[in-house]
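The values are calculated or read from the model by the stated rules, or taken from the named source; none is laboratory data. Note that this is a predicted model, so its numbers are computed, not measured. Backbone-built Cβ (ideal geometry, glycine too); neighbour counts: all protein chains shown. Keep in mind that these areas ignore ligands, DNA and RNA; they rest on the heavy atoms of the full protein, side chains included. Shrake-Rupley method; radii C 1.70, N 1.55, O 1.52, S 1.80 Å.
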Amino acid sequence: MADNLFIPLILGTNRRDRKSEHAARWVYSKLTEREGIESQFFDVRDFDLPQDDYGTALGSQFPEWKNAMTKADGMVIVTPEYNHGYPGVLKSVMDILLKEYIHKAVALVGVSAGPWGGTRVIEAMLPMVRELGLAVTFTDLNFPSIGSKFDGEGNLLDDAYERRVAGFIDELVWLSTTLKWGRANVPSRHHTAG
């Protein structure tokens, strides 16, 4: 288990002037600073999704995403809350794959303009990520009133997040490591051990 963990991050909105990009870039920088973690930044804006079909049959059309999720030990999803839910484009991107997610960890970052910090978007995502076979950490990261958390250049304005992100990543590392060991040592109908 000496290998680094591979934990990609995806930013789940393609809206213009999105404030959640600051949070996503900052969390990504914290992942890449952590010893023992490799990461890759994905943005739903970069997926040229067809307008007439979705689903796992599209996996081969997005080889970078498929290869990353095949290799991944866990992942981070950063998404704003839109009307108590998550963006449809995020769901469409997640639906491109299925077996690549099974028995891997996912940590959720909620972003909102208001005071709840994306709590409701995280709650809305739980059934979706569970159905994909992902195991959710219990340590979420919430960014309420996102406009006051970063300056225009994306610099963090609230030092309390340094401690919060450390605990968030600690839990993700634990669960990712545990599931990596399980995939390697405990056979299931979704993978072979050894």
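Results, tabulated for the structure shown:
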item: Count - residues of segment 67-90 that are crowded, with 17+ Cβ neighbours inside 10 Å and closer than 30 Å to THR192 by Cβ; result: 8
item: Contacts under 7 angstrom Cβ, first residue in segment 143-164 being open to solvent by 80 Å² or more (accessible area, probe 1.4 Å), partner part of a loop (DSSP other than H, G, I, E, B), 6 or more apart; result: LEU157/LYS149; LEU157/ASP151
item: Which numbered condition ILE37 fails, given (1) open to solvent by 80 Å² or more (accessible area, probe 1.4 Å); (2) under 24 Å from LEU175 (Cα atoms); result: (1)
item: Members of segment 116-142 that are open to solvent by 10 Å² or more (accessible area, probe 1.4 Å) and under 22 Å from ASP17 (Cβ atoms); result: TRP116, ARG120, ASN142
item: Conditions (1) open to solvent by less than 70 Å² (accessible area, probe 1.4 Å); (2) more than 17 Å from PHE6 (Cα to Cα): number failed by ALA113; result: (1)
item: Matching residues, segment 165-194, being in contact with a Ser or Thr (Cβ under 9 Å, 6 or more places away or on another chain) and either of a type in the set (Asp, Glu) or surrounded by fewer than 17 Cβ atoms within 10 Å (Cβ to Cβ) (or both); result: GLY167, ASP170, GLU171, TRP174, GLY182
item: Helices (runs of 4 or more DSSP H) wholly inside segment 1-102 containing at least 1 residues that are closer than 29 Å to SER145 by Cβ and small (Gly, Ala, Ser); result: 20-33, 88-94
